[in-house]
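Novice: After the structure tokens below, expect a handful of questions from me.
The values are calculated or read from the model by the stated rules, or taken from the named source; none is laboratory data. These numbers were taken from a predicted model, which means no experiment stands behind them. So basically every Cβ, Gly included, is an ideal-geometry build from the backbone, and we count neighbours across all protein chains shown. The accessibility values were calculated without ligands, DNA or RNA, using every heavy atom of the protein model including side chains. Shrake-Rupley method; radii C 1.70, N 1.55, O 1.52, S 1.80 Å.
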Amino acid sequence: MRYIFLCLFITISCTISAFSMQTSNKNKKHILVIHSYHQSFVWTDSISNGIKSVLTPLEGEIETFYEYLDSKRFVDPIFIESFEEKYELLCSKITCDAIIVSDNNALNFAIRNRERFFKNIPIVFCGVNNYSPELLKGESLVTGIAEYAAIDSTLMLMNRLHPKRKVLIINDRTVTGLANKAIIMKALPELEKKMLIEYSDSSSMNAILEKVKGLSNDWMIYLAPFTMDAEGNYYSFNDVVRLVSNASSVPIYGSWDFYLGKGIVGGYITSGFMQGELAGKLALSIVKGANTNLIPVHDKSAVSIKVDHSQLIKYDIKEHRLPVGTIIFNREKTFFEKNIRFFKNVLRIGLIVILLLIIYSVLKYRQKKLLERRNLELDQEVEERSRELLEANETLNRKNVEITKQEELTKLAYLRLKAILNNSLVGIVVTDKEGKIIDQNNRISEILGSEKGELLDKNIMSTFLSKSNFDILMNEYKQLEGSKAFIRNEIPLKRADGSVLWTKIYISEMLYSQIEDANIWVIDDVSEIVENRANLEKKTVELKESNETKDQFFSIISHDLKGPLSSVLGLLEIISKNSEIFSDEEKKAYIENCYESAQDMNDLLDNLLRWGRIQIGGVSWNPEIIDLKNITDSVLQTLINIAKAKGIELKNNIPQEIKAFGDENMIKTVVLNLVNNAIKFTRKEGFVEISASIKNSRVEVLVRDNGTGIKSDDIQYLFNIDKKIQQEGTNKESGTGLGLIIVKDIIEKNKGTIRVESELNVGTSVYFDLPLIALN
């Protein structure tokens, strides 16, 4: 029933059109336009608009008829037969001078029915996909514009703007879709060398939208002309681009202008308007006498690069990356464009204002003439009054000269006083009662390291004197009676660079201009005196410590050396005076005892001399970047035999990459002393481990053993020369008690610290740290 009504409608329309044609002017040229699709179809309307842009201005000479096959929505043979009947009737009533057909279905229809309806009529086609000369099969009087779908160029543009993204191509299986698929498949091998492509043309619209919604940010979409999904549902281009763009979070590109401005970024755009415009121009030239057979087919025209500015902003695509010649539309209007009506109104108002100004000028000119007459009358009055004023002025001038002389004298006196203050050896500032500085001399700027005049209008507490010191000085000052003035020594002030200097301050009240309760502060820099006194006190402490060190040194010599020396002398005296009563074995034992005592005295003397040289600064300090692992390897190689004799394992766990800053010989002495002590107080089959790590930008070295340990009460005396802790080793080894004291002095000389952790019968850990990099 639907087809019957449709056929009836077409027949009536054809009759009306034929009647209209018969009544038209016989001198007019007639051009028939046959569209493949229906009216209001975006692509079709775009082509019609292009044709009309050429032919409508000539409607007095050329009459144009538009017909629609509607093959997008209706493909039933009955529907097609109704069109053939319609055109048979149409062509019997009117002779066309040219026919314009758009898209493949209309071209196929015209060629298929050419002998019946359109014989010897020139045909101009446009919007035809996959054009090749074979498509015309030797037909004559046929030319036109092929629809060049620059799909491959658009895909390359997408790869240029998003080089690492994958591409989803959405297409349908209509005639146009199959034509586009052929283009895509032909270019696919070359395109897949540069990007990953997924092709889709066999899904329902719901499946496509779900696919699009699930795309991650490393994808983008190429949207081909889509009008029918796999379930046979028809969609307009506007519906398709709206649905896909709403579902997508990634850029969408296309090659047809009916998608532009509706959600795609852009691409190499085939324009329906340009197709129609070129077809209209070709048809116009033909009806004016051009030979159709001599007009070549335009196979790569009506394509330009166009992008949507709003989409560039949305996906952060920089304009400089676009190819040269790219057309950017949908830009945000300029301020002038947005407010064009306002500017027009301003111009109108301006013209009105100019007119009013002209009127005002005329009136002003008339008023001027009246004033000139009045001025002539007033001039006489003014001349008389001027004489009186001149006399009064001469009197005032005489008085002004006298005042000026007085001011110059006052200024000269001020400048002399200012010069005296500025050349003073002490700093001077004047403050109000709130502490605001209202005057200063140059010397105070030199003392505080600030620019000349920089202190003016600033509060004394925010510049160089702390609030607490200011409050103390002011409280003392306010408690004075009579003429207020007092001096305070050694008040710290803050310099501009943040450093502190010591000063002597004199505060007195003064009369300064009209300011009440003004105070003058005289500030003398006594930092050198304070520093000299501090240095003297430091030297006194150092001298006292030196004397104490000397006393300790002589105490050790008199105590620790005298005992072993007396023992050796006693044994030697007994042997020398009574040698006949001792056997050789007894003599050998006595001599060995003497040797061991002499060796202990030698070690003690070495340690005393080393410690003494450190105390008086006799040991040179040559710091450098040192390799702790290599130093430890050298020490362990020296002590390996002693450790093997006791069955003790030595471990060097210091990483090779850890370096420190210090004197290599001194640090080697430290490691040697600590490892030797650890071996001495470690039982057989024990271990001594040396490790290092970086903490708080310093290198911390650990010497750890599982030996006898140290009593917790004795740890505090380990580095105290006044109370030496002496203890025999696990093999009865003796010691001088000075080793750790020397180690502590060496570590401190190298800008480090040392500490000991120990647990009796568990073991001892000695930590010392060194700078990681060179220090000033």
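Novice: What are the residue pairs meeting all of these: first residue in the stretch 442-467, first residue touching a residue at least 24 places away in the same chain (Cβ under 8 Å), second residue open to solvent by 60 Å² or more (accessible area, probe 1.4 Å) and among the basic types (K, R), Cβ atoms under 7 Å, and 6 or more apart or on different chains?
Specialist: Taking only residues 6 or more apart or on different chains, the pairs are L448/R495; G449/R495; N459/K436; M461/K467; F464/K494.
Novice: If you take the residues in the stretch 673-719 that are closer than 14 Å to L760 by Cα and without any contact (Cβ under 8 Å) to a residue 12 or more places away in the chain, which one is least open to solvent (accessible area, probe 1.4 Å)?
Specialist: If we filter the stretch 673-719 for residues that are closer than 14 Å to L760 by Cα, which is where we start, we get 678, 681-683, 704-715.
Now restrict to residues that are without any contact (Cβ under 8 Å) to a residue 12 or more places away in the chain: 713-714.
Values: D713: 108, D714: 44 Å².
Ranking the candidates gives D714 first.
Novice: Hey, T56 hits all of (1) farther than 26 Å from G232 by Cβ; (2) at pLDDT below 85; (3) within 60 Å of the chain's Cα centre (by Cα) but one; which does it fall short on?
Specialist: (2)
Novice: Please work out which residue is modelled with the highest pLDDT, limiting yourself to the stretch 335-348 and to residues that are hydrophobic (A, V, I, L, M, F, W, C) and open to solvent by 100 Å² or more (accessible area, probe 1.4 Å).
Specialist: L347
Novice: Anything in the stretch 312-334 that is surrounded by 14 or more Cβ atoms within 10 Å (Cβ to Cβ) and in contact with a strand residue (DSSP E or B) (Cβ under 7 Å, 6 or more places away or on another chain)? List them, or say none.
Specialist: L322, T326, I328, N330
Novice: Next up: Would you pick out the residues in the stretch 275-299 that are not in a loop (DSSP other than H, G, I, E, B) and not hydrophobic (A, V, I, L, M, F, W, C)?
Specialist: Answer for the stretch 275-299, where residues must be not in a loop (DSSP other than H, G, I, E, B) and not hydrophobic (A, V, I, L, M, F, W, C): Q275, G276, E277, G280, K281, S285, T292, N293, H298.
Novice: Check whether at least one residue in the stretch 302-309 is of a type outside the set (S, T, N, Q) and over 28 Å from P225 (Cα atoms), and report yes or no.
Specialist: no
Novice: Determine which member of the set I679, I631, I654 is touching a helix residue (DSSP H, G or I) at 6+ places or on another chain (Cβ under 9 Å), assigned to a loop (DSSP other than H, G, I, E, B) and β-branched (V, I, T). Spell out how you get there, then give the answer.
Specialist: Values: I679 fails: assigned to a loop (DSSP other than H, G, I, E, B); I631 fails: assigned to a loop (DSSP other than H, G, I, E, B).
So the residue among I679, I631, I654 that is touching a helix residue (DSSP H, G or I) at 6+ places or on another chain (Cβ under 9 Å), assigned to a loop (DSSP other than H, G, I, E, B) and β-branched (V, I, T) is I654.
Novice: Are any residues in the stretch 165-182 in a strand (DSSP E or B), open to solvent by 40 Å² or more (accessible area, probe 1.4 Å) and under 16 Å from S255 (Cβ atoms), and if so, which ones?
Specialist: none
Novice: Now for a different question. Regarding the stretch 249-269, can at least one residue be identified that is out of contact with any strand residue (DSSP E or B) (no Cβ under 6 Å at 6 or more places or on another chain) and more than 30 Å from S53 (Cα to Cα)?
Specialist: Taking every residue of the stretch 249-269 in turn, at least one turns out to be out of contact with any strand residue (DSSP E or B) (no Cβ under 6 Å at 6 or more places or on another chain) and more than 30 Å from S53 (Cα to Cα).
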